[in-house]
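Student: If you scroll down you'll find the structure; I have some questions about it.
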């Protein structure tokens, strides 16, 4: 039974799953670098190694997972195992007494993310009518991001009550297990494989045939998205820029909360906007908005300007995370939707990794204006290409 016009129960249940998982993850991972450096003796290069491995594993497997989920016809199974693996990995992190253990279990957590993401998004697409698919993905992202607000708030409450000793970290890590495993229970009890809505699946194509089934419109969008991803550097570098401008640690936390609140509030409306006016137009506008935000960070000089930029960046990310997935779902069919979403995640993820490194090099070598300006120019070109592509 649907709970909204064209949006079925699965969308809401998977939103609840993502909310609970993000409560758990965001209790742990924002404080994990400090735990590693302060209590486990890891250097900054080790933190970078752990997060680099995690980021790589979270996207580069997606294309294969998407294909296997399509071929199996049981995407819920992949969603269950993906969230389950991430939940069990947090036990290892909670028990870790050395950084190599954290590296292993942080990697397993990101493998779990890769296992679940494309099949989950395919279920969301199959559980919503195309006319409201943007709203469905936006709703899911909004519920996910609410977890990213609640998780750090809970962790902050523990620190306020217990101080910042290792005991408080352990309490947070163990407390984070409860919402993680509750999310898995919601999958078991309430998520259902969508019924095929009139499209005959037929014989399952092999991997390469599945890729060939992705049409020219999809491939053009993927190419433009990869070009844009060259400008789309890590969020952490915006934090570094804020610190360079003079924002204190407390002020950075404040603007991070503002970013997440705007992200949560904007996700559903931006999805609805794409339902009403067309996804390609909204995506093109989002690319241009990112270009303006990037320029803004290069030129900003005060806290209120940073707060405004982080808020606008939240609108961009809300659009990017919801409308793009809805558009990929529109451009693919039921039989190859998993691999379409997986190929998209893998391709932009593969570009995203060197993009952050290249941007950081350009910033260190040539300065703020050339680095941020080059990223803005590339984003602007991508936006124009998206707007002009038929």
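The values are calculated or read from the model by the stated rules, or taken from the named source; none is laboratory data. Quick caveat, the model's predicted, so the values are computed rather than measured. When we count neighbours, we look across all protein chains shown, and the Cβ atoms used for this are built from the backbone with ideal geometry, even at glycine.
Here's the yes/no breakdown for (1) farther than 24 Å from residue 267 by Cβ; (2) buried (at least 24 other Cβ atoms within 10 Å of the Cβ); (3) touching a helix residue (DSSP H, G or I) at 6+ places or on another chain (Cβ under 8 Å):
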| residue | (1), (2), (3) |
| --- | --- |
| 297 | no, no, yes |
| 333 | yes, no, no |
| 338 | no, yes, yes |
| 344 | no, yes, yes |
| 384 | yes, no, yes |
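Rundown of residues vs (1) in contact with a helix residue (DSSP H, G or I) (Cβ under 7 Å, 6 or more places away or on another chain); (2) buried (at least 18 other Cβ atoms within 10 Å of the Cβ), yes/no style:
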position: 27; (1), (2): yes, yes
position: 87; (1), (2): yes, yes
position: 91; (1), (2): yes, no
position: 95; (1), (2): no, no
position: 107; (1), (2): yes, no
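Student: Is it the case that residue 56 is within 14 Å of the chain's Cα centre (by Cα) and either at negative phi or modelled with pLDDT of 75 or more (or both)?
Tutor: Details: within 14 Å of the chain's Cα centre (by Cα): yes; either at negative phi or modelled with pLDDT of 75 or more (or both): yes.
Yes.
Student: Based on what the data block shows, is residue 351 at pLDDT below 90, assigned to a helix (DSSP H, G or I), under 18 Å from residue 234 (Cβ atoms) and assigned by TED's automatic domain parsing to the domain that holds residue 274?
Tutor: Criteria met by residue 351.
Student: Let me ask something else. Report the residue count in region 91-127 for those that are in a helix (DSSP H, G or I) and under 28 Å from residue 9 (Cα atoms).
Tutor: Final tally of qualifying residues: 18.
Student: Of all residues being under 17 Å from residue 297 (Cβ atoms) and not in a helix (DSSP H, G or I) in region 231-270, which is modelled with the highest pLDDT? Just the residue, please.
Tutor: Filtering region 231-270 for residues that are under 17 Å from residue 297 (Cβ atoms) and not in a helix (DSSP H, G or I), the one modelled with the highest pLDDT comes out as 231.
Student: Just wondering, is there one or more residues in region 107-118 that are at pLDDT 90 or above, out of contact with any strand residue (DSSP E or B) (no Cβ under 7 Å at 6 or more places or on another chain) and within 17 Å of residue 324 (Cα to Cα)?
Tutor: There is at least one residue in region 107-118 that is at pLDDT 90 or above, out of contact with any strand residue (DSSP E or B) (no Cβ under 7 Å at 6 or more places or on another chain) and within 17 Å of residue 324 (Cα to Cα).
Student: Could you list all residues from region 13-33 that are free of Cβ contacts under 8 Å to residues at least 24 places away in the same chain and either assigned to a helix (DSSP H, G or I) or not assigned by TED's automatic domain parsing to the domain that holds residue 173 (or both)?
Tutor: The answer is 33, and nothing else.
Student: Would you check if there is a residue in region 139-162 being buried (at least 22 other Cβ atoms within 10 Å of the Cβ) and more than 20 Å from the chain's Cα centre (by Cα)?
Tutor: The answer is yes, given that some residue of region 139-162 is buried (at least 22 other Cβ atoms within 10 Å of the Cβ) and more than 20 Å from the chain's Cα centre (by Cα).
Student: Sticking with this structure for a sec: Taking the stated definitions as given, is residue 131 farther than 27 Å from residue 50 by Cβ, in contact with a strand residue (DSSP E or B) (Cβ under 7 Å, 6 or more places away or on another chain) and in the same structural domain as residue 66 (by TED's automatic domain parsing)?
Tutor: Judged against the criteria, residue 131 is not a match.
Student: Also, quick follow-up: Could you check region 289-298 and list, in sequence order, the residues that are touching a residue at least 60 places away in the same chain (Cβ under 8 Å) and either more than 20 Å from residue 384 (Cα to Cα) or more than 22 Å from the chain's Cα centre (by Cα) (or both)?
Tutor: Of the residues in region 289-298, the ones touching a residue at least 60 places away in the same chain (Cβ under 8 Å) are 290-292, 294-295, 297-298.
Across region 289-298, the qualifying residues are 295, 297, 298.
Student: Quick one: what pairs do we get from region 203-219, first residue within 14 Å of residue 68 (Cβ to Cβ), second at pLDDT below 80 and outside any helix (DSSP H, G or I), C-beta under 8 Å, 6+ apart or different chains?
Tutor: 205/213
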